[in-house]
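The values are calculated or read from the model by the stated rules, or taken from the named source; none is laboratory data. Fair warning: this is a prediction, and the values are worked out from it, not measured in the lab. Neighbour counts are summed over all protein chains in view; Cβ atoms, including those assigned to glycine, are modelled from backbone coordinates with ideal geometry.
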Amino acid sequence: MQTAIQLQLLQDKISLPDLTIGQAMDIAKIPERFNEKRLSALITHLTNDAELADLLTVQERYYILLNQQMLAEHKYSEQGDQHRYLLPTIESDVPDSFEHPNLNISIQHLRGKHVCVLETQCENLFDWLCGQMACQLYGDIFTQIMGEDNSDDKYDKWEAISVGLTENEINELMQNRVAMLTSLPEYIFNYLVTIYSDMLASLTHFVDISNDNQGITLLSVNQASNQEQNTEGLVHSEPARFLTLAALRGTASQLAKLIT
């Protein structure tokens, strides 16, 4: 007998049914290193909406994944720890974007289509950081952080990168912006990362995302809440990387590995 739970996202309410074995095998055909494309395929199968996965924020996507894994593990009477990564969220309090109060710099959500592009291009943590800033920040960034006298023509004003663009168009814009970021003096880059990190907090919802060399990771709620207080390395919990299809068990899990 199939079961389903209802999930309220920022704008959408979805029904989360069981994943069928056929759907799981279809997702398994995508190489495991492309976890974001796998997650997009999972969301498409579960919602029967081919466009939704691209439009959702990264936090919404992993909120769906954690709930899907908890639903799957319940069938096997296993107690997962996914709930430790869920943040209390009032959907109406989460803005679509945030503008810095003192600088002409804004930040938008990182969305599904953005990260599907990033995972094909990023090889390490530095790539992911630069790629995310390129996709999320917009405004007269370099004049603001370098001053009009120090910025030159190669530092263009950034428009928001819409997920209405194709993946190729997003990739081209992202690559151009990453080139600008990598040409910054080290102390200016550090300053911009500080601004970016501070602004990110205004968009937090459902889960707290981070990165490692492979891509998106999640911070546990305790780790996220204590992050600023533990400046001497007192917290040893590592960010967790949640993989699509990780909740498969038995024959289904073995078949998924063989298909890959």
- prompt: Looking at the stretch 148-236, what helices (runs of 4 or more DSSP H) fall wholly within it and have at least 2 residues that are modelled with pLDDT of 95 or more, under 20 Å from Leu129 (Cβ atoms) and not assigned by TED's automatic domain parsing to the domain that holds Gln108?
  reply: none
query: Here is a list of conditions, (1) in contact (Cβ under 8 Å) with a residue 24 or more places away in the chain; (2) exposed (fewer than 15 other Cβ atoms within 10 Å of the Cβ), and Gly131 meets all of them except one; can you say which number that is?
result: (2)
- prompt: Taking Lys29, is it crowded, with 18+ Cβ neighbours inside 10 Å, basic (Lys, Arg) and within 27 Å of Lys257 (Cβ to Cβ)?
  reply: no
query: Got a number for residues in the stretch 21-48 being free of Cβ contacts under 8 Å to residues at least 12 places away in the same chain and of a type in the set (S, T, N, Q)?
result: 2
- line: Filter the stretch 159-169 for residues that are touching a residue at least 24 places away in the same chain (Cβ under 8 Å) and under 24 Å from Thr143 (Cβ atoms); the one that is surrounded by the most Cβ atoms within 10 Å (Cβ to Cβ) is Ile161
- request: Might you let me know whether the stretch 49-70 holds any residue that is free of Cβ contacts under 8 Å to residues at least 12 places away in the same chain and not charged (D, E, K, R)?
  value: yes
message: Being closer than 28 Å to Ser97 by Cα and in a loop (DSSP other than H, G, I, E, B) is the filter here; which residues of the stretch 14-66 pass it?
response: Phe34, Asn48, Asp49, Ala50, Glu51, Leu56
- line: With the first residue restricted to the stretch 96-116 and required to be on the phi < 0 side of the Ramachandran plot, and the second required to be outside any strand (DSSP E or B) and of a type in the set (Phe, Trp, Tyr), Cβ contacts under 9 Å at 6 or more apart or on different chains are Ile105/Tyr196; Ile107/Tyr196; Cys116/Phe34
- prompt: Any idea which of Asp54, Asp81, Asp96 is more than 19 Å from Ala240 (Cβ to Cβ), charged (D, E, K, R) and surrounded by fewer than 14 Cβ atoms within 10 Å (Cβ to Cβ)?
  reply: Asp96
query: So which residues in the stretch 87-116 are charged (D, E, K, R) and more than 20 Å from Ile141 (Cα to Cα), if there are any at all?
result: Glu91, Asp93, Arg111, Lys113
- prompt: Quick one: what pairs do we get from the stretch 181-196, first residue under 19 Å from Ser106 (Cα atoms), second of a type outside the set (A, V, I, L, M, F, W, C) and surrounded by 16 or more Cβ atoms within 10 Å (Cβ to Cβ), C-beta under 7 Å, 6+ apart or different chains?
  reply: Ile195/His100
